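Working notes for the structure below.
The values are calculated or read from the model by the stated rules, or taken from the named source; none is laboratory data. What you are looking at is a predicted structure, and each value in this text was computed from that prediction instead of being measured. Methodologically, a virtual Cβ is constructed for each residue, glycine included, from the backbone with ideal geometry; neighbour enumeration extends over all protein chains shown.
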There are 4 protein chains.
Amino acid sequence: MDRKDYLKEPVNHIKINGTLTVDQLMQQFKNSGSLGAGRLAAACDIYEKMLREKDCTIFLALSGAVVPAGMRTIVTDLIRKHLVDVIVSTGACMVHDAIEAVGGHHYKGGWAVNDAELYKYHLFRIYDIFVPEEDYIRLDFKFSEMYADIAKQRNGESLASDEFTHEIGKRLTDKNSILRAAYEENVPIFLPAVRDSEFGFIHWLHASQKDQKNVLLVDAFKDVPTVCGICARSPKNGMIVIGGGVPRNTIQSSALASKKGLDYAVVITLDRPETGGLSGSTLEETVSWGKMKGSADHVMVIGEALMVFPFLVASATERLGPDFKRNSFLQREKHAGKAN
Amino acid sequence: MDRKDYLKEPVNHIKINGTLTVDQLMQQFKNSGSLGAGRLAAACDIYEKMLREKDCTIFLALSGAVVPAGMRTIVTDLIRKHLVDVIVSTGACMVHDAIEAVGGHHYKGGWAVNDAELYKYHLFRIYDIFVPEEDYIRLDFKFSEMYADIAKQRNGESLASDEFTHEIGKRLTDKNSILRAAYEENVPIFLPAVRDSEFGFIHWLHASQKDQKNVLLVDAFKDVPTVCGICARSPKNGMIVIGGGVPRNTIQSSALASKKGLDYAVVITLDRPETGGLSGSTLEETVSWGKMKGSADHVMVIGEALMVFPFLVASATERLGPDFKRNSFLQREKHAGKAN
Amino acid sequence: MDRKDYLKEPVNHIKINGTLTVDQLMQQFKNSGSLGAGRLAAACDIYEKMLREKDCTIFLALSGAVVPAGMRTIVTDLIRKHLVDVIVSTGACMVHDAIEAVGGHHYKGGWAVNDAELYKYHLFRIYDIFVPEEDYIRLDFKFSEMYADIAKQRNGESLASDEFTHEIGKRLTDKNSILRAAYEENVPIFLPAVRDSEFGFIHWLHASQKDQKNVLLVDAFKDVPTVCGICARSPKNGMIVIGGGVPRNTIQSSALASKKGLDYAVVITLDRPETGGLSGSTLEETVSWGKMKGSADHVMVIGEALMVFPFLVASATERLGPDFKRNSFLQREKHAGKAN
Amino acid sequence: MDRKDYLKEPVNHIKINGTLTVDQLMQQFKNSGSLGAGRLAAACDIYEKMLREKDCTIFLALSGAVVPAGMRTIVTDLIRKHLVDVIVSTGACMVHDAIEAVGGHHYKGGWAVNDAELYKYHLFRIYDIFVPEEDYIRLDFKFSEMYADIAKQRNGESLASDEFTHEIGKRLTDKNSILRAAYEENVPIFLPAVRDSEFGFIHWLHASQKDQKNVLLVDAFKDVPTVCGICARSPKNGMIVIGGGVPRNTIQSSALASKKGLDYAVVITLDRPETGGLSGSTLEETVSWGKMKGSADHVMVIGEALMVFPFLVASATERLGPDFKRNSFLQREKHAGKAN
């Protein structure tokens, strides 16, 4: 590069003069420095590009306290508006959703509290959010029945994790539920670590019931070809990661195993790369594996996903406008399949 | 506390339905979970409270890449609109401002670059921002002359760091400059570590010039009673911290030394408390010292200040509306002083 | 508390005068301040206590780049010396072990590299470690055969994740392998997210082979009662966590589901609590759930596990001396079972 | 690079078999993976190289809770053994040293405490360390007298920050004091932000005393040519940074201003680069400025300095052995100066 190539874009300073919409501010971030605000603006651009691509399947990785943090409806709306196509999540995220779906709640609290007192009161803490134990117990019993019902219907045939969430979603009635919305909109939710959550303990409860003829069987590996197949068939693939862990890894590995490599990637995390763990690994690193294409639009936003993600969604919503309709590759494929 | 006291406020989920202004989204953050988004919303509430208080002096601590990140105009506007009263900063922040004030620029770049090539090209890197060396050299020579001029005028009398920034601001013409705006609006800028920046090396250049009769003398300790005096006289004191380091410490220590203790505190940082360093220390810890009152409204937002701060300012700007005029305690005091 | 209760233990300053053994330094950490070094010393004390308890089952959670970082033999030795009783890990950790077990290697590299070139060369990067693709391919084929063999033997019966690792370990010959050592020493390795790793893609390869009559079936939920049963039967339970994610969560949840609550806990992580995610959550928070007892000895060490863990192990090894023999509750139980 | 160049050094796994000295473990870290443990081992190698270089001046940057964490004697011993040549620190670090030098103490405590109660008891908290207010008050009065004495002696002439610490050290008697040891051993301690600490408030107390004829005058800029001169004259320069902030910046800037560029650099920090702040900036970035040579041996260790630094010192101490004598460039220069 020549010297002058490094000096093409002077930083324009952000101007806040009166009321701004989220995207008006984001547009300024874009022209400003490329530090934090610039990276967030880049994430918005990349998400917009994914959405406007004719044939890009959008994977959303959900981990951490998405629901306790108040982002349940954001995710539900993204599903209903077809602004995400596939969800890969932790068991816990869907448990949090399920708790609210069967009438439970998360409560605003604080972190400088007496945990021994919370224990005495049967209140569970998630940083500064509280959940009463009875909400978990209600979930346990309602879901144990659902497991029995699903198992009966399956009659010995195993389920993949996405079939499991589909069957659960089918049996929920809460319109605000992520699981329900995904069921209604044919958006698959994969839970590669479904066992590592209350869903695992509910299974124990369900399996231990007397006169249980059919026990729900989730085949740990059964969803592998399904996720990889989506990557393989989709002309393009993009991911948005909230947090890290298993959901991020599963999407990236599927992009590799399907020999496609991601075309777009946005990761929002506070994890850092130096430990060698997957959650904080740079997107550059994924290029060496073929998980992401070298030419992919990508950015890593260093921040709490639960603060950053709503800005991303609000900005995209504003850019697309009220009349935007997305007919994704997967939805078209599904309709074509039904037509046949 | 009774059990029910822990379960008063269920988390309301954020709804993004069409275009939202920054504060409309922020209001939703407020009703949502108290994790990241909730803490940012709390920060906005606290800043609004400070601004609406009749008699609260607002200290802004600036550290890090505020200007390279494109936030120069935000700070300048806050000064001109009297939405901050006192600035405590690093030398580097004001050097970045000065570079642009004398015609230099910061340029958007990248971090995955060849630093040896940048060195060869005399381009300095600040994470993913570049500054050409000639902009520093221009600063060196212009400011060296300014130093000589100030020294001549002072004729041996020492300056405090806020007098230094005042004299510099007086000699700048760029309306967008933080230093200039502060000079015009009588907002003091304290630089407790002024020496640890290009200002220190400019001094060396200035002092080494032949025929130099008067050398600029900044008395390291001279601003101590001034900052403390502001805390002491102000009926209430609040701080907003971008980053950490010396600026945060100076404000907190002044609140302690003046025996007032802060009434409001917002800290935006990625630093963490476990090292025992000041920058990441919790605001609770400051209560033990008397740096902050036990009853103070306070919040620590974990995030990159250079992404988070514009949202805070945009939200406050929107809440206050176009007709909001703030006549701060310090400004009133100044006018009263002049009237006498 | 009275004032004097806060002032009981003055900080003793560490003295490094000549050669020190790891534990000699650690003993000084103990008497020094309670910041970083103090927390590491506390971790050593807690691990020693767990080991000297007659009846404490020790769970080791492994996540991240344990093997690429060179800690494979440390883990293998802990298993062989019975200094850990149960391992809960990610699929990736055991894949890394398996790669070396079938003749592959991890190579020291750097992070400031050209990932596009690595991709071209079929070299995978884990931060600053490289693995050649052929080592993965070798694993794929060897393990695909193993899967077929295991499936044939099982003849339709499903496996739990710990049975899966046991069967794999049985078929490996490398004495340095974690999987092999665990097999030989009857230390169960649970992989609650076994699917999220190369093991999942090997399954795909295996299942897609022609003439495949039996396909390996891992029941996602089958290990739940096994882990919980260990917690329930063990008079005491302790955990040491390297990293976070699924392994930490599984151990904690099992301690909850078994209504025991952990008696000891050491977590080594760089994650932080504010996101609400499990990996960075404080140990105090786990008390509210009943995952850990309020009275438990516990400490969270903020650091890269891959730097901190060897110090912990070296210190414990030194304290116990060469003659220490641990006959753990689980081993005694196993022998009693065989005797019957 | 050819493919085989990436695959030269397979990771050797660490073996902990019986008691190990700190350096025996460190030597294993060296041969292991290049993640955390590998970076720490590299730091030890670099420090050893600096020490064995005939003509390398070693700058130690101290920030954060070095003394409260129990590392005071480590620093004092490094000074007395001539294993560091120049110290650049924060005011706070030297205040902590001074508190103990005049009979005060830091006390081990906890972080989950009632800060309002601590305030009531006049106990100051530094994360999990307590300091009683009376220890600060004692310091205030003793040092205020010292200031008066120094000022009297100076008779109007200003001091540079290193002269200030020299004069203070001269007046202390505690052999374990960093300030005293540095005075005795002719190791300069620079405090570029001396004002941002109790030293600033002591100055206020001192200056406000009646009948005060001479007030201590510290010229903020006076130490600039001194630090730069050391860099310029030293054939080679290396730095070890504990934490970040002003001390790191001052050393790096001096290496730049003196047109030398550092030859060696070790930084131990938990800060991260993405904010654009100096403390977390990569060492690669410093190359673009000329603060460090492109060819310099350097490493950044991600960790709590207060846990990592003792391992570094213990390892170096062991490697050098009891008979190692270092006659540094600066010491030789000083003796030559006296001889003339």
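Here are a few things to note about the model shown:
- Of the candidates B:Glu117, B:Glu100, B:Glu163, the single residue that is closer than 27 Å to B:Gly261 by Cα and over 15 Å from the mean Cα position of the chain (by Cα) is B:Glu163.
- Top-ranked residue in the range A:8-31 [being polar (S, T, N, Q) and either under 15 Å from B:Val22 (Cα atoms) or in contact with a Leu (Cβ under 9 Å, 6 or more places away or on another chain) (or both); ranked as modelled with the lowest pLDDT]: A:Asn17
- Taken over the range A:218-249, the criterion of being among the polar types (S, T, N, Q), within 26 Å of C:Leu216 (Cβ to Cβ) and in contact with a helix residue (DSSP H, G or I) (Cβ under 7 Å, 6 or more places away or on another chain) is satisfied by A:Thr226 alone.
- Unique match (being touching a Leu at 6+ places or on another chain (Cβ under 7 Å) and farther than 22 Å from A:Leu283 by Cβ) among C:Ile99, C:Ile74, C:Ile46: C:Ile99
- If the condition is being surrounded by 24 or more Cβ atoms within 10 Å (Cβ to Cβ) and not aliphatic (A, V, I, L, M), then the range D:58-75 contributes D:Phe59, D:Ser63, D:Gly64, D:Pro68, D:Gly70, D:Arg72.
- Residue match in the range D:163-176 (condition: within 13 Å of chain B (Cβ to nearest Cβ), surrounded by fewer than 24 Cβ atoms within 10 Å (Cβ to Cβ) and within 21 Å of D:Leu60 (Cα to Cα)): yes
- Enumeration of residues in the range A:106-138 that are more than 19 Å from B:Gly38 (Cβ to Cβ) and of a type outside the set (Phe, Trp, Tyr): A:Asn114, A:Asp115, A:Ala116, A:Glu117, A:Lys120, A:His122, A:Pro132, A:Glu133, A:Glu134, A:Asp135, A:Ile137, A:Arg138
- A single entry from D:Lys142, D:Lys108 fulfils the requirement of being more than 21 Å from the chain's Cα centre (by Cα), farther than 18 Å from D:Phe199 by Cβ and not hydrophobic (A, V, I, L, M, F, W, C): D:Lys108.
- Number of the condition not met by D:Gly290 [criteria: (1) among the small types (Gly, Ala, Ser); (2) facing another protein chain (nearest Cβ under 7 Å); (3) under 26 Å from B:Leu191 (Cβ atoms); (4) buried (at least 24 other Cβ atoms within 10 Å of the Cβ)]: (4)
- A count restricted to the range B:202-211 and to residues that are more than 17 Å from B:Gly169 (Cβ to Cβ) and in contact with an Asp or Glu (Cβ under 7 Å, 6 or more places away or on another chain) stands at 1.
- Meets criteria (modelled with pLDDT under 95, surrounded by 24 or more Cβ atoms within 10 Å (Cβ to Cβ), hydrophobic (A, V, I, L, M, F, W, C) and within 30 Å of B:Phe130 (Cα to Cα)) for A:Ala41: no
- Within the range D:268-285, considering residues that are over 23 Å from B:Ile242 (Cβ atoms) and in contact with a helix residue (DSSP H, G or I) (Cβ under 7 Å, 6 or more places away or on another chain), the one surrounded by the most Cβ atoms within 10 Å (Cβ to Cβ): D:Ile268
- Restricting the range D:207-254 to residues that are among the basic types (Lys, Arg) and within 26 Å of D:Thr282 (Cβ to Cβ), the residue that is surrounded by the fewest Cβ atoms within 10 Å (Cβ to Cβ) is D:Lys236.
Matching residues to (1) acidic (Asp, Glu); (2) within 9 Å of another protein chain (Cβ to nearest Cβ); (3) at negative phi; (4) touching a Gly at 6+ places or on another chain (Cβ under 8 Å):
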{"position": "C:Gly103", "(1), (2), (3), (4)": "no, no, no, no"}
{"position": "C:Lys108", "(1), (2), (3), (4)": "no, yes, yes, yes"}
{"position": "C:Ala112", "(1), (2), (3), (4)": "no, yes, yes, no"}
{"position": "C:Asp115", "(1), (2), (3), (4)": "yes, yes, yes, yes"}
{"position": "C:Tyr127", "(1), (2), (3), (4)": "no, yes, no, yes"}
{"position": "C:Lys142", "(1), (2), (3), (4)": "no, no, yes, no"}
{"position": "C:Asp149", "(1), (2), (3), (4)": "yes, no, yes, no"}
{"position": "C:Glu157", "(1), (2), (3), (4)": "yes, no, yes, no"}
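- Yes/no for A:Ala160 being touching a residue at least 24 places away in the same chain (Cβ under 8 Å), touching a Lys or Arg at 6+ places or on another chain (Cβ under 9 Å) and crowded, with 18+ Cβ neighbours inside 10 Å: yes
- Residue match in the range D:55-63 (condition: free of Cβ contacts under 8 Å to residues at least 60 places away in the same chain and of a type in the set (A, V, I, L, M)): no
- Cβ-Cβ distances below 7 Å connect the following pairs, each with a first residue in the range D:302-318 that is at the interface with chain C (Cβ under 7 Å from one of its Cβ atoms), a second residue that is acidic (Asp, Glu), and a separation of six or more residues or different chains: D:Ile302/A:Glu274; D:Ile302/C:Glu304; D:Gly303/C:Glu304; D:Glu304/B:Glu274; D:Glu318/D:Asp23.
- You will find that of B:Ser34, B:Ser89, the residue that is among the hydroxyl-bearing types (Ser, Thr, Tyr), buried (at least 24 other Cβ atoms within 10 Å of the Cβ) and within 10 Å of another protein chain (Cβ to nearest Cβ) is B:Ser34 and no other.
- Taking the range D:250-266 as the range and being out of contact with any Lys or Arg (no Cβ under 7 Å at 6 or more places or on another chain) and more than 24 Å from D:Lys222 (Cβ to Cβ) as the test, the residues that pass are D:Ala265, D:Val266.
- Matching option when the condition is farther than 22 Å from A:Thr19 by Cα and modelled with pLDDT of 95 or more, among B:Glu48, B:Glu100: B:Glu100
- Taken as a whole, the condition of being assigned to a helix (DSSP H, G or I), under 23 Å from A:Gly229 (Cα atoms) and at pLDDT 95 or above applies to A:Ile79.
- Residues within the range B:48-57 that are assigned to a helix (DSSP H, G or I) and crowded, with 22+ Cβ neighbours inside 10 Å, tallied: 1
- Qualifying positions in the range A:1-31 - facing chain B (nearest Cβ under 7 Å), touching a residue at least 12 places away in the same chain (Cβ under 8 Å) and among the charged types (D, E, K, R): A:Lys15
- Scanning the range C:37-83 for residues that are within 14 Å of chain D (Cβ to nearest Cβ) and hydroxyl-bearing (Ser, Thr, Tyr) yields C:Tyr47, C:Ser63, C:Thr73, C:Thr76.
- Residues of the range C:181-201 that are under 20 Å from A:Val194 (Cβ atoms) and hydrophobic (A, V, I, L, M, F, W, C): C:Ile189, C:Phe190, C:Leu191, C:Ala193, C:Val194, C:Phe199, C:Phe201.
- Taking first residues from the range B:253-282 that are closer than 19 Å to B:Glu53 by Cβ and partners that are part of a helix (DSSP H, G or I) and of a type in the set (Val, Ile, Thr), the Cβ contacts under 7 Å between residues at least 6 apart in sequence or on separate chains come to B:Ser254/B:Val227; B:Tyr264/B:Ile46; B:Val266/B:Ile46.
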